[in-house]
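Everything on this sheet refers to the single structure shown next.
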Amino acid sequence: RPPFLGHRVELGVCGGILAGVILHASFIRWWRQRRRGLEDSGPAPPDPDAMGPQELQPTKPFTGSPSAGAISSRFLTRKWSQKGSFRAEDVCAQSIRNPSATRLAALTVPSKSSKYVLVMVGLPARGKSYIVRMMMRYLRWVGIKAELFNVGNYRRKSGMAAVSAKFFDPSNQDCQKQREELASFAQDDMYRWLRDQDDVAVGILDATNTTAHRRTRILARSRQEENITVFFVESICDDAKILERNYRMKLNNEDYRHQDPVVALSDFKERVRKYELIYETVSDSEDEGNICFIKIFNVGEKITTRNCAGYLPSQVAFFLMNIHISPRRIWLSRHSESVDQVRGLLGRDSGEVSADGEKYASELAQFIKRRTAEFSDEHHSNEDKSFEGDKLIVLLGTQAVHQSTAKYLSQLPEVEVVRTSLLNELRGGELDGMTHGEIRHKFPQIWDARLQDKLHFRYPGAGGESYIDVIQRIKPIIIELERQRKSVLIISHLAVQRCLYSYFAGSELARVPYLTLPIHTVTELAIEPHGANIRQIKLAQSQAEMSEDSLLAESDGNPWSHVRHE
């Protein structure tokens, strides 16, 4: 080996070592500068709209109130305000500026320009109106605009409220022309309303639409508009008991209200026979095989779908798969008054209840036991083998105070207790463990932002939620309540109770954060074909009651404080 080769190898090794040392020193200097910059600016706050409901995790148990400096350095960073100062409008800016992004918290959602036309199909008295009411209530509750256009109402408003069955005779050409004109008027108004909407919207055309010819005309009319998706929902019913009940309920509408019941019932059945002469069920071949439809049999007994691949049709189909008309009761109850609640602490969950809270837990168990027995006695005489309303399921959150409220209920015979974190309270993020007074005093900008839009306001910090987030979180609970044939008692905190109550009461979305649901009071929902019969029963007093009412009146900016809730 030449002598100079060894010197070259040694020089190469030394050069490699020196380059490595320089590179390492450069990397260390870069890393220290980067860390210094991150410490100056603070971590970026979480993007509210990028977080799905499944990503929201509960915060760790909080043992004390965070300092103002801690929250300011961690969450009120330069990313929230370019000048480094906190602005109230920066809180949940994404959610407030774009409510629909939170409103439809799913992986695949329709675009804002999407407009849907849901067309009902079916003979009279097949439960179409019942299905429409349920769909509208659900769609509006999840934040989708929905409006009903009932062709029968157009006829009645035109001065033809008490027409006889002859008006629906398919061989009467003059009456046939009038019915087609009324359907056209309803569609014109529906598309005018859809054009005025700047977000996802659903127009519901409620009529019999019993012929393929009528449905073809509806599809042709939709193609004159932009971004319209049409899908059909057909209600088919051959259950004699359901039909007889529906026939008698029809005697209360404007067509028959002032007529002799026997004569009115005979005329209505004749009207049904006129429709049966021309009735054509929706078939796969319509619209050249591209038709999208959902068929529901005997109000939930069976359901079939075709081409329901879009977001909204698939959501509607899933919802309709779970509905039924079996009698049952639903009770809503806030948790027993806790010691933390008396102290006014937000988000604390020691599980320790006050003396009044202990009394309420006992009274609640006795009340539910009594009401379940009464409900059972009312319906067992009907000889309905599918009746399960006398059985009870208790749904509650996983927080300690929920368990304390339900401890006497779990001792009742044949009571099923199910715990789920979906029913836990609205999460306060980094503000958990503070009182409302402390938040208002230490973080007035956050407090003001909450008052500006309490529905969409999301508490800052990991896991912080808004009312809209809670609605999205408890959607599976609503589906379970619609599916369940047993009676159900739900125990949760106030925010969750408001969201549940608003669904059954059909409250406006904007009113949800302000609904009055007193503590130690049971809300009883009697589910009926045309809505829920609601009453509230006070069972015990509460130390926190007066301070809570005062907070609602003075601090929550309730625009409906003078209006009685549903």
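The values are calculated or read from the model by the stated rules, or taken from the named source; none is laboratory data. The shown structure was predicted, so the numbers you read here are calculated from the model rather than taken from an experiment. Note that each Cβ is placed from the backbone with ideal geometry, even for glycine, and that neighbours are counted across all protein chains shown. Side chains are part of the model used for accessible areas, which takes the heavy atoms of the whole protein and leaves out ligands, DNA and RNA. Shrake-Rupley method; radii C 1.70, N 1.55, O 1.52, S 1.80 Å.
Counting only protein heavy atoms and a 1.4 Å probe, region 348-466 has 45 square angstrom of accessible area per residue.
What is the calculated FRET efficiency for Arg192 to Ala161, with r their C-beta to C-beta distance and R₀ = 22 Å, to the nearest 0.05? About 0.35, to the nearest 0.05.
When a/c is below 1.5 the answer is rounded, else prolate if a/b is larger than b/c, else oblate, so apply that to region 212-339 with a ≥ b ≥ c taken from the square roots of the Cα gyration tensor eigenvalues. Numbers along the way, then the final one.
Values: a/c = 2.08, a/b = 1.07, b/c = 1.95.
Oblate shape, in that a/c is at least 1.5 and b/c is the bigger or equal ratio.
Taking all protein chains as shown and a probe of 1.4 angstrom, Arg273 keeps an accessible surface of around 120 Å². Extension gain, His379 to Lys145: 0.36 nm times the residue separation minus the Cα-Cα distance gives 80.5 nm.
State the percentage of accessible surface on region 397-543 attributable to carbon and sulfur atoms; use a 1.4 Å probe and exclude ligands, DNA and RNA. Please list the in-between numbers first.
On the way: 2310 of 4940 Å².
Carbon with sulfur: 47 percent of the solvent-accessible area.
Remark: for residue pairs Lys128/Lys157; Lys295/Lys369; Lys407/Lys442; Lys302/Lys538, the C-alpha separation exceeds 31 Å in Lys295/Lys369; Lys407/Lys442; Lys302/Lys538. Between the residues Ser171, Thr216, Leu205, the greatest Cα displacement towards the positive end of the dipole of region 161-222, with unit charges on the Cβ of Lys, Arg, Asp and Glu, is found for Ser171.
Extension gain, Asn153-His441: 0.36 nm per intervening residue step, less the Cα-Cα distance, totals 98.3 nm.
Let's test the formula: R0 of 25 Å, r as the Cβ-Cβ distance of Ile278 and Glu254. What FRET efficiency results, to the nearest 0.05? The calculated FRET efficiency here is 0.55.
Note that region 314-325 has calculated 3J(HN,Hα) couplings of 5, 5, 5, 4, 5, 4, 5, 5, 10, 8, 7, 10 Hz, one per residue in order, obtained from phi through the Karplus relation 6.51 cos²θ - 1.76 cosθ + 1.60 (θ = phi - 60°); glycine and proline are x. Computed from label points 7 Å out along Cα-Cβ, the spacing between Glu225 and Gln176 is 2.7 nm.
With a 1.4 Å probe and all protein chains in place, put Ser354, Ser266, Ser129 in order of accessible area, largest first. Write out the running numbers ahead of the final one.
Details: Ser354 10, Ser266 70, Ser129 40 Å².
Solvent-accessible surface, decreasing: Ser266, Ser129, Ser354.
By a 1.4 Å probe calculation restricted to protein chains, Thr216 has an accessible surface near 80 Å², given to the nearest 10.
Set the Förster radius R0 to 45 Å, insert the Cβ-Cβ distance between Phe185 and Arg535 as r into 1/(1 + (r/R0)^6), and round the FRET efficiency to 0.05. So the FRET efficiency works out to roughly 0.70. Taking the Cα centre of region 145-224 as origin and assigning +1 to Lys and Arg Cβ atoms and -1 to Asp and Glu Cβ atoms, the resulting dipole is close to 260 debye.
Expressed as a whole percent, the accessible area of region 176-322 that falls on carbon and sulfur atoms is 48 (1.4 Å probe).
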